[in-house]
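Note sheet for the following structure.
The values are calculated or read from the model by the stated rules, or taken from the named source; none is laboratory data. Nothing here was measured: the structure is a model prediction, and the numbers come from that model. Neighbour counts run over all protein chains shown; Cβ positions are idealised from the backbone, glycine included.
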Amino acid sequence: MIIGNFVCGMVHLIVKRNTLIALSNYNINQEFNRKSEKLDIILLISTIQTLIFFILMPPLFLIISIYNPCIPPLEGLIYLEECKKWPNEVSGIGLLPRTLIGISSVYTYRFCSIIAIVILCTTLYHPIRVQLLVLEDVEKCYTRGQKGAGLLKYRVAQIAATLHNDAFETPGIQILLGGIIFFQIFDLYGLFQFWRTLPTPVSLVLVFIALVYMFLILVVCRFVAKPYCKSDQFLSTASQQRNRWIRRLMQSCCPIKLT
């Protein structure tokens, strides 16, 4: 199931590669000469979580594998015949197979984690962040009385939002949200089902992973909805202009959102 979700996601990215390239070029151009004075809290927390995960994962997985290679989420349940008797006492597994299972598990989860983090940052978080920056520019243009420049920027932001929606069209958004929810369920199932058998370090790792996915669900998904709220507020204000052409144009515009 995990591998299937990962493969489906990679296939979808390959199919939508041209759209993602155009969207990335637009985002890079928007931020090229822009100086940000705000601390990006979401990116900072994500970086800290990623560093902690990558620093702790290799030695911890290796120690756990030497202790018992059949403990989830290690790959001993897949490769070793003796692990089918787990959680009963498993003996007869040598040091070399235990070490190889640990190394294989480390590289497998590290590779999948790197790909998932890069995909989330480049295809979900960064486009939303750029949309919020462009909407701030639109509001500044209207505050200064530059309504034409503000309308032009908003139309360009709408085109970028269309590219973003095209990149996440079915089954893209289903694969993303389904993968996050599935990994969260898988992690919580292993934690609650085997909490009496798992050693304390393994339980702590599963708790940390559960907190990471909870952060993705509660914080990042809430962050994705910000452009809609901000653009809807702007459109309701701009549609009250005295100029009837601007008023009709803004009434015909749709809020920016990821559908």
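General remarks:
- If you go through the range 16-43 and keep only what is modelled with pLDDT under 75 and either part of a loop (DSSP other than H, G, I, E, B) or under 18 Å from Ser113 (Cβ atoms) (or both), you end up with Phe32, Asn33, Arg34, Lys35, Ser36, Glu37, Lys38, Leu39, Asp40, Ile42, Leu43.
- Ile180 vs. criteria part of a helix (DSSP H, G or I) and surrounded by 14 or more Cβ atoms within 10 Å (Cβ to Cβ): yes
A quick yes/no check of all residues on (1) buried (at least 16 other Cβ atoms within 10 Å of the Cβ); (2) of a type in the set (A, V, I, L, M):
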{"site": "Lys226", "(1), (2)": "yes, no"}
{"site": "Lys230", "(1), (2)": "yes, no"}
{"site": "Leu235", "(1), (2)": "yes, yes"}
{"site": "Leu249", "(1), (2)": "yes, yes"}
{"site": "Thr259", "(1), (2)": "no, no"}
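- Among the residues making up the range 138-171, those that are under 16 Å from Cys229 (Cα atoms) and either surrounded by fewer than 17 Cβ atoms within 10 Å (Cβ to Cβ) or not aliphatic (A, V, I, L, M) (or both) are Glu139, Tyr154, Gln158.
- Verdict on Ile217 being part of a helix (DSSP H, G or I) and free of Cβ contacts under 8 Å to residues at least 60 places away in the same chain: yes
- Against the test of being surrounded by fewer than 18 Cβ atoms within 10 Å (Cβ to Cβ) and either part of a helix (DSSP H, G or I) or among the aromatic types (Phe, Trp, Tyr) (or both), the options Gln240, Gln174 yield a single qualifying residue, Gln174.
- Matching residues, the range 119-146, being modelled with pLDDT of 85 or more and either of a type in the set (Gly, Ala, Ser) or closer than 17 Å to Ala22 by Cβ (or both): Pro127, Ile128, Val130, Gln131, Val134
- Exactly one residue out of Ala149, Ala160 is among the hydrophobic types (A, V, I, L, M, F, W, C), more than 16 Å from the chain's Cα centre (by Cα) and at pLDDT below 85, and it is Ala149.
- Of the numbered criteria (1) modelled with pLDDT of 75 or more; (2) exposed (fewer than 13 other Cβ atoms within 10 Å of the Cβ), the one Ile48 fails is (1).
- The condition (being more than 28 Å from Ile128 (Cα to Cα), without any contact (Cβ under 8 Å) to a residue 24 or more places away in the chain and surrounded by 14 or more Cβ atoms within 10 Å (Cβ to Cβ)) is satisfied by just one residue among Leu191, Leu198: Leu191.
- Those residues of the range 163-194 which are charged (D, E, K, R) and either at pLDDT below 80 or farther than 18 Å from Thr122 by Cα (or both), in sequence order: Asp187
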